[in-house]
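Input: a single structure, listed below in structure tokens.
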């Protein structure tokens, strides 16, 4: 039985080649060293689907909340994404109830109108799809769900990118301080929503009325969760939109398949998230010594669950490197899993489906219009630039 740390694995998520296409190296990792020690990250990497699912499901042995290991966590970081069950239950239940109370059909219709407007504006000229389509659509959908006034897009996109980059501080410590400053700006924005803005019918209005009656600790968790939901929802949806557009541009055959089988749009969207998802992984802490696939993980050691590797595991998904638009069931990890999964998953899937429907309705389809450049981030898989042509097709 291995008791590690072991010989460091050759996995460098910020290398240009890995950013462009991580799946070959993730496949090698999954096949050769499914539980591997990463020296720079100071973490065990798990890459097989069933191992990843085990870590995500077992809250007793694998903690999201570092305080369970006696570590300190800044109060501002304590949200539904950090708290573990059962402490997490009350806050998560409140946000899920607020989500279910929203008129998602009306919001979806509004987002669809914006998508079609953006597609029509593109005309015959190439577009930079991230800034001209993915970012504005994601911001409109996220703020529409929360029921708040959108901040200026360019300013917010820069803040969000800085926060997203800081998630990789374990690979680059210079990202810590810019990320801290950007989070402070975000916290100030969200604090203002709890006092002066937000429609009473919006998700945040629903939460805000209950925060007033909660104790100080629970009210703080609600504010922090609203911050995470806004930042996480926006960045995840922006990345998912870009990845979907990129996949469609490089698989033009999907247009005719989906045009002839419109009922498959929803399952196709789910499959495209599995195929090239926005969130690459997450980390847990072992609460005690535990064995994963014959490897002894010591109490307090980090375990990083590689969603992107798990989603291409042939033991869980037949023909995993191919887009299968009618794949069912499709229990991928594109948005995480369980109680720590993205709260906005349902709305995100609706927005992605709206985009595909709009492309089919307007009879345009994305085509590459220049080199696509990935943002240099390991936790989130997204584009810095995605030039596309959106031409009409017969």
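The values are calculated or read from the model by the stated rules, or taken from the named source; none is laboratory data. Because the structure is a prediction, the values reported are computed rather than measured. Don't worry about glycine lacking a Cβ; one is built from the backbone with ideal geometry, like all the others, and counts go over all protein chains shown.
Annotations
- Subset of region 282-302 (residues that are surrounded by fewer than 23 Cβ atoms within 10 Å (Cβ to Cβ) and within 26 Å of the chain's Cα centre (by Cα)): 282, 283, 285, 286, 287, 292, 300, 301, 302
- Restricting attention to region 138-164, the residues that are in contact with a helix residue (DSSP H, G or I) (Cβ under 6 Å, 6 or more places away or on another chain) and outside any helix (DSSP H, G or I) total 3.
- Residue in region 195-205 that is buried (at least 22 other Cβ atoms within 10 Å of the Cβ) and assigned to a loop (DSSP other than H, G, I, E, B) present: yes
- Condition met for residue 155 (closer than 30 Å to residue 13 by Cβ, surrounded by fewer than 19 Cβ atoms within 10 Å (Cβ to Cβ) and touching a residue at least 60 places away in the same chain (Cβ under 8 Å)): no
- Any hit, region 78-89, residues being in a helix (DSSP H, G or I) and either closer than 18 Å to residue 338 by Cα or within 18 Å of the chain's Cα centre (by Cα) (or both): yes
- Within region 362-385, tally of residues that are under 18 Å from residue 123 (Cα atoms), buried (at least 18 other Cβ atoms within 10 Å of the Cβ) and out of contact with any helix residue (DSSP H, G or I) (no Cβ under 7 Å at 6 or more places or on another chain): 1
- The number of residues in region 333-352 being assigned to a loop (DSSP other than H, G, I, E, B), farther than 24 Å from residue 115 by Cβ and touching a residue at least 40 places away in the same chain (Cβ under 8 Å) comes to 2.
- Considered as a group, the residues in region 40-76 that are surrounded by fewer than 17 Cβ atoms within 10 Å (Cβ to Cβ) and in contact with a helix residue (DSSP H, G or I) (Cβ under 7 Å, 6 or more places away or on another chain) include one that is modelled with the highest pLDDT, and that residue is 57.
- No other residue among 388, 359, 355 is part of a helix (DSSP H, G or I), crowded, with 21+ Cβ neighbours inside 10 Å, modelled with pLDDT of 95 or more and in contact with a strand residue (DSSP E or B) (Cβ under 9 Å, 6 or more places away or on another chain) apart from 359.
- When 98, 28 are screened for being surrounded by fewer than 20 Cβ atoms within 10 Å (Cβ to Cβ) and in a helix (DSSP H, G or I), only 28 passes.
- Test: residue 319 is over 21 Å from the mean Cα position of the chain (by Cα) and free of Cβ contacts under 8 Å to residues at least 60 places away in the same chain: yes
- For region 55-65, residues that are over 14 Å from residue 281 (Cα atoms) and in contact (Cβ under 8 Å) with a residue 24 or more places away in the chain total 6.
- With respect to the conditions (1) without any contact (Cβ under 8 Å) to a residue 12 or more places away in the chain; (2) not in a loop (DSSP other than H, G, I, E, B), residue 329 lacks only one, and its number is (2).
- Residues of region 53-70 that are under 21 Å from the mean Cα position of the chain (by Cα) and either within 20 Å of residue 170 (Cα to Cα) or in a strand (DSSP E or B) (or both): 62, 63, 64, 65.
- For region 144-152, the criterion of a residue being under 18 Å from the mean Cα position of the chain (by Cα) and buried (at least 16 other Cβ atoms within 10 Å of the Cβ) is satisfied by at least one position.
- Candidate set: region 165-184, residues that are part of a loop (DSSP other than H, G, I, E, B) and touching a residue at least 40 places away in the same chain (Cβ under 8 Å); chosen: the one farthest from residue 41 (Cα to Cα): 167
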